[in-house]
Every structure is written in structure tokens, then in C-alpha cells.
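Encoded as C-alpha cells, the structure appears first; notes follow it.
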Amino acid sequence: MKVLKFGGTSVANAENISKVIKILESESKKNKIAVVVSALGGTTDMLIEAGNLATNKDKKYIEVFQNIVNRHINTVEELIDNKNKQAVLNEVNTKLEELKQILQGLYLINEFSNKTIDKIVSFGELLSSYIISEALQQTVKSASLKDSRELILTDSTFTNATVKTKETTTNISSFFKKNKDKIVVLPGFVSRNKNNETTTLGRGGSDYTAALIASAVKADVLEIWTDVSGMYTANPKLVKQAFPIEEISYQEAMELSHFGAKVLYPPTVHPALQKKIPILIKNTFSPDEKGTLITKKGKDKKQPVKGISHIENIALLTLEGNGMVGVPGFSKRLFSALSRNNINVVLITQASSEHSICVGVFSSESKKAKHVVDEEFVYEISKKKIKPLLIEDSLAIVAVVGDNMKNHQGISGRMFRALGNNNVNVRAIAQGASERNISAVISHKDIKKALTALHNRFFEKQIKTLNLFIVGVGNVGGILLNQIKKQQDYLNENLLLNVRVVGISNSKKMIFEEEGIDLNTWSDQLQKGKKQSHKLFFDTIKELNLSNSIFIDVTANEDVAKTYKNYLRESISVIACNKIACSSKYSDYKELKDLSRKYNASFLFETNVGAGLPVINTLNNLINSGDKVTSIQAVLSGSLNFIFNNFDDTSSFHDIVKQAQEEGYTEPDPRIDLSGVDVARKILILAREAGYKLDLKDIKNQSFLPKESLEAKTVDDFYNTLKTEASHFSELYKSAQNNDCQLKYVAEFNNGKASVGLKEIDKEHPFYNLKGKDNIVLFFTERYTEQPLIIKGAGAGAEVTASGLFGDIITLGRN
Ligand code: ADP
Ligand code: ASP
Ligand code: MG
């Protein structure tokens, strides 16, 4: 014999019930079966709501009641053939009339006892089982209905009754011995006490009803049919990558369900385990899928972690005080007080100092817990030996479960590293003595992030998802998006990195898409986006709270640079091509570096110097490996290099600068390049990264510009001076020619001092042959003494800058 249980969604309406009936028709050809059914999905909640409204004298209860009526009547109308329809409708209406009278009674007396709750909620399963058995009898001749209340006997703890196992087992087995029907339909959840009053087995209790029957008749299998294809590695509604566990042991299933895997009501496992009846979890809507088989042994010994579950709405109670140290009996009194008041303890931890005890309870019970515990310890509190009970709310528990965890080292290390790396703060930790589960108390807001991170750590091909938020999608930013689009598949396959762009903003608009913006249409989407605001951009990223979030600044905007701190403080990494932050006040630069360390978030800015060239990264490697930089010589301005490489006695300086601007090598205001400020910023950043505490004012800047050009008020005036002072520039060229030299704009750093300025470079020098817009950096260090370490190549241009940013993203992904 088999026992099949169908949950609320499986029997939510006529269409779903028809699917159930199909399954039953085919099963009944092979086996005798008992079918336990839940109420039509959502009915139990509606019944409780109607009861509460009526008790509070709120006439809206009539509306809710009417919804309940409609759902059931509609289901009958669609499901039952004309021949029987009227009879079934009459019976359903009689039951609903009885329900209505109870609700009217509540409205009058305003008292909703647990006993009445049970009376009311029982209508859900009583109605559904009746309708389903009638529908089934239309095609399966030998089918009948049995009221579970006649079989399952409990104590009188209404709403969460304890089953009297012995009597219940006898009742069930003798009933099924006599009964000859192929299919017997029974309502789940409902039971009775010895006074024949209706009791219930707790929310989700239909699973338990089915387990009691399976155990009593020693069924071959207990099948739990629901709306997902088994017990998953994590709640599939929260973790997209979760997948059904093929086989699992009773203990593992029990732990997972106890810690929140709602697919199985926790008490269900016990009766099945006692009689070694396998439990199979199946999907009513995909009956061909394998589902999850729960047996004594489980399977897959190699996999230490079998699943991750979580419980929401947890409060942490902390009892602490110096008076507890070395004095026995505090824990006992705490737990007795909680237990006397039926407060369920979900998790226990105790610091080894005995200075405090911490327990997790459901938030709904935290007020009561505070009251009873403070009362229990009223004397000690008055003597200040212990503090009044401390309550922290809005918490959740995540648990990692597996029989085989005890044989594997480092599981908890991996678990807490995964949480830590994602900035999930752990409030308390508990590990069962069986080492079958490790649980951590975290903030409610972190649930999704924690589950995703843990799932990723323990179950996925270690594919790491990077969530990018990019500000500034003009030339460089746009090219970066294009590069990412082209490279996504490669990164996924070769580096196990899933790079997705979740947020994009330009100076006007911004868009977000949690699953990743379609990079084929980002530009059109952005036009239709929300109005841009730095604050809203930050708030949205914080709100999304995704693991491995990275903020990328592809602007040259000072306001954007000011927001980096906020990101780092949320453990969101920052990648910047914007130089402002790293070249502003030393204290600001230092603060960002410190925040990055403190919050375990990277702050990368390779493109600040030499665009895509690996300048900063190389410098960092030197310093981190213990080398010391003594001197840096560099040509760091692509635009100035372009200008001086093209300027000769046949051209005018003015025209060359214009050309450089037109070809996009200079800033819109060419004075920023020609004044040397941009180069000064770059050498400042290199000096700082080499470990020197310098500010922009410390950098000597000998300008090659004549006084008139330096004093020009506008860009146009500036250009004019390039014409009027043409002879000044020709002189510079001629002098270099005469000395057999080339003009290069050089940045230097020597023993703590930095300068920038135009230099005549002779033939022997590595700078002499620098072409076009190339950059070159020479590092002289304690290890590179005679010959410097040289980095040379294109130091400007959108493709290479975007590629430098992309390099930072990948570096971060591989961390
Ligand atoms: P039923 O009404 O069939 O009893 P439930 O709603 O009680 O169904 O349980 C199924 C639901 O349990 C799933 O839809 C899913 O949202 C939730 N769930 C939570 N954790 C898990 C898990 N680890 N595996 C599968 N389902 C889970
Ligand atoms: N209908 C009850 C509930 O919603 C019991 C069950 O479905 O298992 O809790
Ligand atoms: Mg359920």
C-alpha cells in the first residue's frame, strides 16, 4: 500500500485537482492507496483571517467568507459532472452554512479561542477531501472518503496537538484492514481529542497526517506531492541555482525541515523513520521528474553538505551578567521558564565564559519570553547580578546541513568565510553535537545574500557572479560594456566568472536590472530610465544587497568620487578610472585605503595612470613583495606626447594642439593637459602607491607655457596665446634640435620628491624613441638598480582604458 499526500497548491483549484486525479487513476491501477489532502491552497489562512476579523467586529469577515464560498463552489461547478453536481453542492453548502454560523457567533462574542480556531480551520480540509473524493469517484469506482478525525487521536493542545500514537496506530491499521476500497481519501491536518472535539496538528500538518497513516499501515512508500520537484539544496524561491536533492537521509531531511525547508513539516519524518518507510517528494505539476527520496542511508557520501535552509522571524534572547559565572542552574531556570510558557527554543548558544546564554525564539514569542524570563530572574535583576533579558529582533537563522559534515574538515571555515566575504554579519553560531548542522543567526535583510553565497560556495561549480554598477557610459564606459558583452561566455567557461551589469547610469538617467541588463539594448533602456541621482544610485545598490557588488566610476566627476566611501562602507568594491579620489588630499586617499581594508572591499584604479598599462598593479607587486622604489621616471601624458612628437619646425604649436584636441587626446579644456596638472596627479598617485605621503602641492611643476598662456582666462584666449607666443614654442623646439634631443613631458620621483616638466631627452635615453601617444614608466628600486623595470605602450585611448577597467574587474573576480 502507498500513501500519497497532496498539498495546498496541488489542490488549489479544479484544474490542479484534475492533475491530481490523473496521478491517482494511474497509481490505483497498481496499488491500494490512501490519499491525504490539504485544504484548497490558501484556505487555512483565509479561515483564520475571517475568524480574526469577526472577533474584532470587522464586517469584512463576510467578504473573506464569501471568497471561501466562491472558491469551493467554483471548484465543484467545474469538477463535478451534472449528474451529481446538485447533491455535492448541497453538501458543500451545508458545511459552509455551519462555518458561517460559527463566524457569526465569533462576531457576537468576540472571543477566538484556540479551540475555535481548530474548529474553523478544519473546514478547509473537510471540504477539500469531500470534493476531491466525489470527483475521484466519477472515474475510479472503488474510492471512498474517511474523516481523519475518526482515526487520529490527540491531546487537547488545540492548534498544535500531540498525537496519541498508540490509539491512533490501532485505529488506522484496523480501519485499513477492513476497508477494501482501492483509494481512500482523507483530510490532512485534522484530528480529535478524547472528548471528540476537533484538534489540528499544526500548520503544514497534512504531511504529518500522511506519515501517521503510512506508519500505521506500514506503507511501501510515503509520497509527498507538492509544487516543487523535491527537497532542494536551498529554498528554490530564494536561490535560483538551487536544485532537487536526489537522495537524503531521514536525519538530514529532519534537520533541513526543522531549519525551515517548508516542503516537509518537521514531525513528518519521525513516524516514517521508525518503520523505515521511504519518503518520496514529488511535483504534482511535473510528475515525471525524479523528486527527492528520503531513506535511512541517503546517498552521495562525497558531498558533505546536502542542503541549506533558513528560518525567518527570529529573535535572539540574551541573558547575561557577572552573577552567572560559576553559579549552576541559570540555564535550567531560563529553559524551564520558556518551556512552562510553551515558548519554542529554536537555537541555543552559550559563550564558554558562562557569562551569557543566548537563545533564538520566534519573533512572535519574544515579548512573552521577555516577560516570563524577567519575572523568573526578578530577584537577580534587582540585585544587578544579571541584566534584564536583552532582545534583538529582525533576525534569521541559516543552517548548513549534512550527515557527512563531521568527516570533512573546514566546513565551518568555508561557511563563515563565504558569509564574511559578503559582509553578512553573524550574530550567533550554533553547531549541533551530531555535527549534522551548523547554524548562524544573521540579520533578516541578509537572508537572500547569505543563502546565495552559501549555495554558491557549497553547490555550484564555483561560478562566481560579479554584479557591476557602472556610472558614466560615454565613450570609455560604452566600450567597456561592449567588451563585457563579447567576453561574458569566455569568462563563464574559463574563469568561472558570471559577470553581469546590474546598474548603469549616465549624468541624466539610470537603470537597474537584478538579473543583469541586456547589453544589446542598454542604451535604449537607459534613455527610458529613471532620473539619475548619486544618492538613489547608492541606495538602490545597497537595497539590492547582492553578493560581489562592484561600483565602477568611468566619469571624471568630483561628486562621484566623493561617494566611494559610502560604497566601501557597505563592503561594495570600487573600481575607478576617475583620478580625482586618489589625487585629492592625502587624508582622503588614506581614508579610502583604510575603508577598503576594514570592510574587505577592493578599491582598484589601474587606469588612473597609463590607461590600460599595468603600471599600478606592477608597482603594488613590487611593494607587496618587499621591494622599495627609489626613483620613478615617466612620460605619462598621451596628449603631451602626441603634441611634442608632432610639433616641429614645419608646423605651428597652435595647430598641433588643436589637432590633438580634435582627435580626442586632450581633455575638453586642453589647459588641464598642457599645464601639467594631469601628469602631476599621476605621479602623485604613483608616489603614494609606492608608500610616500605626498600632496599635489608638494609636486614641483615647471610649466613650459609662457606667462601669457598661463594667464589666459578662457579656452579661446588660451588658443590665441599659442599663436601670439608661437616663437616661444619654436625656441623650445630649436633648442632641443640643436642639442640633438627630443622634447618630452617628464614626471619624476626621486627619494621622496616629485616634479613634472618639459625636458630635452637625448638619444641614449629610453624616452627618446617614444612614439605617438605612448606612455612609459621606469621604476628604479632596491631590486632594479642598474636597469629599471620598464612599462611602455599606449597610455591613452578608449579601448585600452576600458580594457584596463575590465582588468580590474577580473582581478577582483579572481580574489
Ligand atoms: P504544500 O502546500 O504542498 O505542503 P508547502 O508550501 O508547504 O507546500 O511547501 C513547498 C514549498 O516549500 C515550496 O514551494 C518552497 O517555496 C518551500 N521550500 C522552502 N525550502 C525548500 C527546500 N529546501 N526545498 C523545496 N522547497 C522548499
Ligand atoms: N492546510 C493546513 C495549512 O495550511 C495544513 C497543510 O496544508 O498541511 O497549514
Ligand atoms: Mg506543506
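The values are calculated or read from the model by the stated rules, or taken from the named source; none is laboratory data. Quantities reported herein were computed from a predicted structural model and do not represent experimental measurements. Every residue, glycine among them, receives a Cβ derived from its backbone with ideal geometry; neighbour counts consider all protein chains shown. The accessibility values were calculated without ligands, DNA or RNA, using every heavy atom of the protein model including side chains. Shrake-Rupley method; radii C 1.70, N 1.55, O 1.52, S 1.80 Å.
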9 Å beta-carbon shell around Ile343, net charge (K/R +1, D/E -1): +1
Net charge near Leu389, counting Lys/Arg +1 and Asp/Glu -1 over other residues with Cβ under 15 Å of its Cβ? -1
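Estimate the FRET efficiency between Glu375 and Tyr599 by the formula 1/(1 + (r/R0)^6), using the beta-carbon distance for r and 45 Å for R0, to the nearest 0.05.
0.60
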Gap in Å between the Cα centre of the range 754-769 and the Cα centre of the range 480-533? 42 Å
Rounded to a whole number, what is D in µm²/s for the range 644-721 from Stokes-Einstein with the Kirkwood radius over alpha-carbon pairs (25 °C, 0.890 mPa s)? 174 µm²/s
How big is the shadow of the Cα convex hull of the range 195-307, averaged over all directions, in nm²? 8.0 nm²
Report, in whole Å, the centroid distance computed from the Cα atoms of the range 693-721 and the range 337-409. 68 Å
Using a 1.4 angstrom probe, figure out how much accessible area the chain has per residue, in square angstrom, rounded to the nearest whole. 45 Å²
Would any residue of the range 538-554 have its amide N under 15 Å from a label point 7 Å out along Cα→Cβ of Lys445? List them or say none. 538-547
So, for the Cα atoms of the range 69-205, Rg and Dmax in Å stand at 16.1, 46
In whole percent, how big is the carbon plus sulfur part of the accessible area of the range 168-245, probe 1.4 Å, protein atoms only? 51 percent
Karplus ³J(HN,Hα) for the range 319-329 (6.51 cos²θ - 1.76 cosθ + 1.60, θ = phi - 60°; Hz, whole; x = Gly/Pro) runs 10, 8, x, 5, x, 7, 5, x, 9, x, x
Rank these residues by their accessible area, most exposed first, probe 1.4 Å: Lys276, Lys744. Lys276, Lys744
Mind grabbing the base-10 log of I(q)/I(0) for the range 336-408 at q = 0.15 Å⁻¹? Debye formula, identical points on the C-alpha positions, no solvent, two decimal places. -0.62
Sequence-distant or interchain residues sharing an amide H contact under 5 Å with Val221, placed H: which? Val3
Enter the mean projected area of the convex hull around the alpha-carbon atoms of the chain, in nm², rounded to one decimal. 45.7 nm²
Summing +1 per Lys or Arg and -1 per Asp or Glu among the other residues with Cβ less than 13 Å from Asp220's Cβ gives +4
Rounded to the nearest 20 debye, what is the charge dipole size of the chain about its Cα centre when +1 sits on each Lys and Arg Cβ and -1 on each Asp and Glu Cβ? 3460 debye
For Asn74 and Ser18, calculate 0.36 nm times their separation in residues minus their Cα-Cα distance, and state this gained length in nm to one decimal. 18.8 nm
The range 40-85: translational diffusion in µm²/s, Stokes-Einstein, Kirkwood Rh over Cα pairs, 37 °C, 0.692 mPa s: 285 µm²/s
Length gain on complete extension for the stretch Lys628 to Asp58, per 0.36 nm per residue less the alpha carbon to alpha carbon distance? 197.4 nm
Starting from the eigenvalues of the Cα gyration tensor, five times each then square-rooted, give me the equivalent ellipsoid semi-axes of the range 551-706, largest first, whole Å. 31, 18, 14
Need one number: nm distance between label points at Lys535 and Asp393, each 7 Å from Cα along Cα→Cβ, rounded to one decimal. 2.8 nm
Could you let me know the centre-to-centre spacing of the range 177-235 and the range 626-688, using Cα atoms, in angstrom? 79 Å
What is the Cα radius of gyration of the range 653-807 over 2.2 N^0.38 Å, N being its residue count? 1.11
Expressed in Å to one decimal, the Kirkwood Rh of the range 379-465 from all distinct alpha-carbon pairs is 14.6 Å
FRET efficiency for Val327 and Gln101 from the Cβ-Cβ distance with R0 = 51 Å, rounded to 0.05, comes out at 0.35
Computed Rg/Rh of the range 743-815, alpha carbon atoms with Kirkwood Rh: 1.04
Gain upon complete extension [Asp524, Asn739; 0.36 nm per residue less C-alpha separation]: 71.8 nm
Is the range 190-240 rounded, prolate or oblate when judged by the Cα gyration tensor, a ≥ b ≥ c being the square roots of its eigenvalues, rounded requiring a/c under 1.5 and prolate requiring a/b larger than b/c? oblate
